[in-house]
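Chemist: Dumping the structure here so I can ask a few things about it.
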Amino acid sequence: MLLIHCPWCGARDEAEFRYGGQAHVDRPPDPNAVDDREWGEYLFVRDNPRGRFSERWVHSAGCRRWFDVVRDTATNEMSAEVPSRSGRR
Amino acid sequence: MTSPNRLDATVRPGRIDRTRRLRFTFDGTELHGHPGDTLASALLAEGRTEVTTSVHRGRPRGIVAADRTEPNALVQLHGDCPEPMLPATRVELRDGLVAESLSGIGWVGDRPDTAVHDKKYVHADVVIVGAGPSGLAAALSAGRSGARVFLVDEQAELGGRLLDGHERIDGAAATDWIARAVRELAEIPEVRVLTRATAVGCYDHDYLLVAEHRTDHLDTVGPHQSQQRLWHVRARRVVLATGAHERPVVFEDNDRPGIMLAAAVRSYLNRHAVLPGRDAVVFTTSDSAYSTALDLLAVGASVPALVDTRPQPPAHLVDQVEAAGGRVHPGSTVISTKGHDRVRGARVTELDEQGCLSGIPYEVDCDLLAVCGGWSPVVHLFGQAGGSLRWDRTAAGFVPESSGTHLPRVIGSARATHDLAGSLAQGLAAGAEAATACGFRIAAPRVPPTSGDRPNSRPRPLWLVPGMTKPPEQWDRHFVDLQRDATVADVWRAIGAGMRSVEHVERYTTISTGQDRGKTSGVNAIGVIADALMVDSPGEVGTTTFRPPYAPVRFALMAGRERGHLHEPVRTTSMHSWHEAAGAEFENVGQWKRPRYYPRPGEDMDAAVQRECRAARTGVAMQDVSTLGRIEIVGSDAPEFLDRVCTSGFAELAVGRARYGMMCGADGMVLDDGVSMRLAADRYLMSTTTGGAAGVLEWLEEWLRTEWSELDVYCTSVTEQWAAVAVVGPRSRDVVARLAPDLDVSSAGFGFMEFRETELYNGIPARISRISFSGELAFEINVARWYGLATWEAVAAAGADHGITPYGAETMHVLRAEKGFVVVGQDTDGTVTPLDLGMDRLVSRHKDFIGKRSFARQDTARTDRKQLVGLLPLERERLLPEGVHLVEPDVPLRPPVPMLGHVTSSYRSAALDRTFALALIRDGRRRIGDVLHAPFEGSSTAVEVTRPVFYDEEGARRDGVEHG
């Protein structure tokens, strides 16, 4: 059971969160300007490193906000990442 | 009458209460023991050494251990809630206990288990697992700091191995030091001590599961008292003082009753005042078994041979044993035993420098063989937490290797520090360090002086004593895992079959897969594998992965109170009581209870659904549609946002109107659907499927928060705020006119896909919309949830003279399928686009939306994808099962049969007077008119492919008929 630090609510059990996969996978601003291969990569292809990995979580059973963390996939050590684009409200 | 093997109190008082005598039954025989006994110690006291036969070979087996590592003595407890497969060493004796021996397989009772189990969730600064000397020391130093400390130990008393020996701490008996520590810990408010509590799992970020036995040892249990409790503990620092398990040695006929672990013999002797045998051979690879030999001699037993693998054991130990009347055989090994239901003698011979057998074997008579093959640190929890291990040659065991802030701290015997002074020092330091790390600064206290400590010189490890004859492939009485009856021959067969990894060998041989999870066999198996592979040390073979639970956990304990009606929350609508009174059959949709149909006396589901369908198509019917998900979407950018997430346009939708919309994932596949109303310029009410509501809200939030955070939009779930009644059928206009007298219900005054705010005749404010999921003229009356029942009753009253018929979800499904309306999740499965469903009309060409780009992907753009079609079985009465596959009519039904698609919805239609179905068929739209086959239940049913609309294709019934 991971202990996840929600930037708004503090440290809570993993069971309160939902995983959102790799962070910083930007939707192409004009989807029609990219070819099938690039669009396919946006849809389906993600990094799978052993080590530090930026990923998104949502505090779905709490404040319902999204945020990014860096997790070491080998040890599950987690550190905060600036709430980046999810920080407006 | 005293038990034959119970020592006199003047010889050994033991930690038992001789003033009370407990009566228990084992295999039908009445026996006696005392409080403080385990079932195992009481059996040994009563002379019951042999307690079972082995699971596959039927060989006599006896008690081996004194703790949970016991591989043989598994028992079944009788009683109200019979419990199988408990080690007798872990069953505390209580009056009236009834137990039965098991040969590897237990049984569960046929009555429901009424025992109460519960859970607690706690936070602690420092959690210490194990209350032997190092764990107790750690708890003392951490506790004194003011930190919140949680100390758990699986035994009934704190103290661990100190309870078995004669060590002295601070000038007094170790038991006095323990008693002082227990008193001190009890007085510190932030310290909580749990006994009979096993830490079964150690998870990421210092999260532990602790299974506490609360009543198993009690004679009587209160009616609501929980039998066991599962503690969920989140710690800031974890200290593991889990000790070490003694290993047996693998030799020929090493499984006879009376062959026990040396430390277990000592434990029975000192803790329970039980002497398991009169003439003992002690066989050891290290110093610790000398204490067993000395204690045996001290109570009057004979030790005709102490067989030590080391050619030069510590001289002072040899002198002590020989002065007490024992004989030490250095540089020797036990090679086999004799006896049948009890060991009668041991064959001993010398070992040369290479560890090969030499000399002339001789026999020593005995009725007890106490074996110590070395000590394996209990690293299970450390391994579960992700720690790695290394083989320590000096200690001859796997010890924790990695350390880091994310891993628990391991101290004492669990890291192969077996001496008392060292264990205390490590404990005091680790407790202080953990508390300090949590913000409670404290220095480690002085280490108290100790004496009588267990000596600890270097062992000469030995896991496998070769057989005198035959090659290892045939050593089928050299038992590696007693519980699984697995031998050296089995390991060699696994190696011969090509296995190399210990994980494979253990699965192939079943070693370590028993109830004890290989606590006595795991390391020996690794040693035997290392020998067979001719590698240098067990370290090169490595261990298996440590996975929770450390010890078996009842499913009932994992479930706790979340059983029966508490298993999952139940959501009901505000009309639920009416449905129940009307005799509705319910179905579960997510957590909701939805009426499925309302059978009248004598009706089955088919008959009820046919009747309900006829009412909706020819008269008027009503359905509770409160369970649909509702999300309010508010903000100046709400129109733009809905345009981006839905396939159809919402920005240009006029206030007061509603529109059906589909949502797709970024991959273009249908995610959910529903009707959204525009309540105001900046406010929409979106409806979703009943099951999809929570997921859709999360989906919307994800896009708002992560991709389009510049949009001014707020989403709020309002599902629970509304109750809704669908009034459906050609007579629905009359009913609604009566219900809402202020409303112009004419089709000219109230168009399809419009809604009005009004007041019902009884004063209830309502929002009424003209939407239809059946193709009939229909209205949906939405009111605040607390008016739900009143509104439902008002609708029923208003429609009474039209014979208004309540209908359930099953009827709703038939009606919508007749019209070819899909249900997301039934007719779609995450691989279906709106275009596959033939919904091109709902896919905007003028704007972008989530998923649109994916429609142009090569695979999505194929014209021969699986598409939604209708099916009419050629036999009008034949009902296709949902999920059945479709094949070409002439294809031979021999695998592999090329599949064309499958049936997604299938019903009997009152309106069509026949059965029909919806299906997803490859290139389906081009196959309309073709006949395909649906093979099921041993025969093949011919079906005609049709367009997926069966009823009122021109939509003539939507506006109903105006009455003059």
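Only the coordinates and a few stated rules stand behind these numbers; no lab work does. Note that the structure is a prediction, hence the values are computed from the model and not measured. Cβ coordinates were reconstructed from backbone atoms using ideal geometry, including for glycine residues, and neighbour counts include every protein chain displayed.
Chemist: Under 5 Å between amide H atoms, partner at least 5 residues away or on a different chain: which partners does residue B:397 have, H built in plane at 1.01 Å?
Modeler: The list, which skips near neighbours in sequence, is B:392.
Chemist: Under the definition of Cα pairs under 8 Å and six or more residues apart, what whole-number percent is the relative contact order of the range A:3-80?
Modeler: Reported relative contact order: 31 percent.
Chemist: Among the GluC sites (Glu not before Pro) in the range B:464-562, which ones are in a DSSP loop with at most 15 other Cβ atoms within 10 Å of the Cβ? Mind listing them?
Modeler: Within the range B:464-562, the qualifying GluC sites (Glu not before Pro) (loop, at most 15 other Cβ atoms within 10 Å) are B:562.
Chemist: For residue B:329, list long-range residues whose amide hydrogen, built 1.01 Å from N in the peptide plane, is under 5 Å from its own amide hydrogen.
Modeler: B:306, B:307, B:308
Chemist: Treat every Asp and Glu Cβ in chain B as -1 and every Lys and Arg Cβ as +1, leave all other atoms uncharged, and give the resulting dipole magnitude about the Cα centre to the nearest 20 debye.
Modeler: Its charge dipole is roughly 920 debye.
Chemist: I'd like the mean, over residues of B:705-716, of how many other protein chain beta carbons sit within 10 Å of each residue's own Cβ.
Modeler: Going residue by residue through B:705-716 and averaging, the value is 4.
Chemist: Show me, for the range B:30-45, the HN-Hα J-couplings you get by feeding each phi into the Karplus relation (A = 6.51, B = -1.76, C = 1.60, θ = phi - 60°), rounded to Hz, glycine and proline as x.
Modeler: Those phi angles translate into 7, 9, 9, x, 9, x, x, 7, 9, 4, 5, 5, 5, 5, 5, 4 Hz.
Chemist: Could you state the angle between the C-alpha long axis of helix B:262-272 and the longest principal axis of the C-alpha atoms of chain B, as a value from 0 to 90 degrees rounded to the nearest 10?
Modeler: Tilt relative to chain B: about 90 degrees.
Chemist: By per-residue mean of other Cβ atoms within 10 Å, what is the highest-first order of B:838-847, B:925-934?
Modeler: B:925-934, B:838-847
Chemist: What aspartates and glutamates could a cross-link reach from residue B:470, if we take a straight Cα to Cα line under 12 Å and drop same-chain neighbours fewer than 8 places away?
Modeler: Excluding near neighbours in sequence, the set is B:252.
Chemist: Kindly identify the range B:301-344 as rounded, prolate or oblate by the Cα gyration tensor criterion: order the square roots of the eigenvalues as a ≥ b ≥ c, call it rounded if a/c is under 1.5, otherwise compare a/b with b/c, prolate if a/b is larger, else oblate.
Modeler: Verdict is oblate for the range B:301-344.
Chemist: Which aspartates and glutamates have a Cα lying under 16 Å from the Cα of residue B:847, excluding residues fewer than 8 positions away in the same chain?
Modeler: Within the straight-line cut-off, residue B:847 pairs with A:30, B:637, B:640, B:643, B:652.
Chemist: Here is a follow-up. Note down the nm distance, to one decimal, between modelled labels 7 Å out along Cα→Cβ at residue B:682 and at residue B:588.
Modeler: 4.3
Chemist: Also, quick follow-up: Could you give me the ³J(HN,Hα) list for the range B:309-322, computed from phi with Karplus coefficients 6.51, -1.76, 1.60 and θ = phi - 60°, whole Hz, x at Gly and Pro?
Modeler: Ordered by residue, 3J(HN,Hα) equals 5, 7, x, 10, x, x, 4, 5, 5, 4, 4, 4, 5, 6 Hz.
Chemist: With a cut-off of 8 Å between alpha carbons and a minimum separation of six or more residues, what is the relative contact order of the range B:629-720 in percent?
Modeler: Answer for the range B:629-720 is 40 percent.
Chemist: Filter the GluC sites (Glu not before Pro) in the range B:337-366 to those in DSSP coil with at most 16 other Cβ atoms within 10 Å of their Cβ, and list the result.
Modeler: B:353
Chemist: Which value in Å does the Kirkwood hydrodynamic radius of chain B take, with 1/r averaged over all unlike C-alpha pairs and then inverted?
Modeler: 33.7
Chemist: Going by the alpha-carbon gyration tensor, a ≥ b ≥ c the square roots of its eigenvalues, is the range B:629-720 rounded (a/c under 1.5) or, if a/c is not under 1.5, prolate (a/b greater than b/c) versus oblate?
Modeler: rounded
Chemist: Relative to the longest principal axis of chain B, what angle (0 to 90°, nearest 10) does the C-alpha long axis of helix B:288-298 take?
Modeler: 60
Chemist: Could you work out Rg/(2.2 N^0.38 Å) for the protein assembly as shown, with Rg from alpha carbons only?
Modeler: Ratio of Rg to 2.2 N^0.38 Å for the protein assembly as shown: 1.20.
Chemist: Which GluC sites (Glu not before Pro) from the range B:782-864 combine a DSSP loop assignment with at most 13 other Cβ atoms within 10 Å?
Modeler: Of the GluC sites (Glu not before Pro), not one in the loops of the range B:782-864 has a Cβ with at most 13 other Cβ atoms within 10 Å.
Chemist: Scanning chain B for chymotrypsin sites (Phe, Trp or Tyr not before Pro) in DSSP loops with at most 14 other Cβ atoms within 10 Å, what's the longest stretch left with none?
Modeler: Free of exposed loop sites, the longest segment is B:108-760.
Chemist: So how far, in whole Å, is the C-alpha centre of the range B:747-813 from the one of the range A:30-83?
Modeler: Here the two parts' Cα centres lie 45 Å apart.
Chemist: If you average 1/r over every pair of different alpha-carbon atoms in the range B:393-505 and take one over that average, what Kirkwood value in Å do you get?
Modeler: Hydrodynamic radius (Kirkwood, Cα only) of the range B:393-505 equals 18.3 Å.
Chemist: Could you compute the FRET efficiency for residue B:922 and residue B:118, with r as their C-beta to C-beta distance and R0 at 41 Å, rounded to 0.05?
Modeler: That pair, residue B:922 with residue B:118, gives E of 0.15.
Chemist: Can you work out the PRE-style zone for residue B:558? Point 7 Å along Cα to Cβ, and I want the residues of the range B:98-139 with backbone N under 19 Å.
Modeler: B:106-109, B:113-121, by backbone N distance to the label point.
Chemist: I need the shape label for the range B:862-948. Rule: rounded when a/c is under 1.5, else prolate if a/b > b/c, else oblate, with a, b, c from the alpha carbon gyration tensor.
Modeler: Verdict is oblate for the range B:862-948.
Chemist: Okay, helix-only estimate at 222 nm for chain B: each DSSP H run of n ≥ 4 adds -39500 (n - 2.57), divide by all residues, round to 500 deg cm²/dmol; what do you get?
Modeler: Here the helix-only value at 222 nm equals -6000 deg cm²/dmol.
Chemist: Oh, and also: If you count, for every residue in A:21-27, the Cβ atoms of partner chains within 10 Å of its Cβ, what is the mean?
Modeler: That works out to 2 on average.
Chemist: Measure off 7 Å from each Cα along the Cα-to-Cβ vector at residue B:897 and residue B:944, then give the distance between these two points in nanometres to one decimal.
Modeler: It works out to 2.3 nm between the two label points.
Chemist: If you count the DSSP beta bridges with both ends in the range B:266-418, what percent of them are antiparallel, to the nearest 5?
Modeler: Bridges in the range B:266-418 that DSSP calls antiparallel: roughly 60 percent.
Chemist: Ok, one more. Hey, what do the phi angles of the range B:181-187 turn into as Karplus ³J(HN,Hα) couplings, whole Hz, using 6.51/-1.76/1.60 and θ = phi - 60°, x for Gly and Pro?
Modeler: With the stated coefficients, the range B:181-187 comes to 4, 4, 4, 4, 5, 5, 8 Hz.
Chemist: Sticking with this structure for a sec: Full extension from residue B:877 to residue B:572: what is 0.36 nm times the residue separation minus their Cα-Cα distance, to one decimal in nm?
Modeler: 106.2 nm
Chemist: Still on this structure, I have one more. For the range B:583-652 and the range B:398-442, what is the separation of their Cα centres, given in Å?
Modeler: If we compute the Cα centre of each part, the gap is 61 Å.
Chemist: Using only alpha carbon pairs under 8 Å that are at least six residues apart, calculate the relative contact order of the range B:862-948 and give it in whole percent.
Modeler: 41
Chemist: Search the structure for amide H atoms under 5 Å from the amide H of residue B:368, placed 1.01 Å from N in the peptide plane, and list their residues when 5 or more places away or on another chain.
Modeler: Counting only residues 5 or more places away or on other chains, the set is B:279, B:281.
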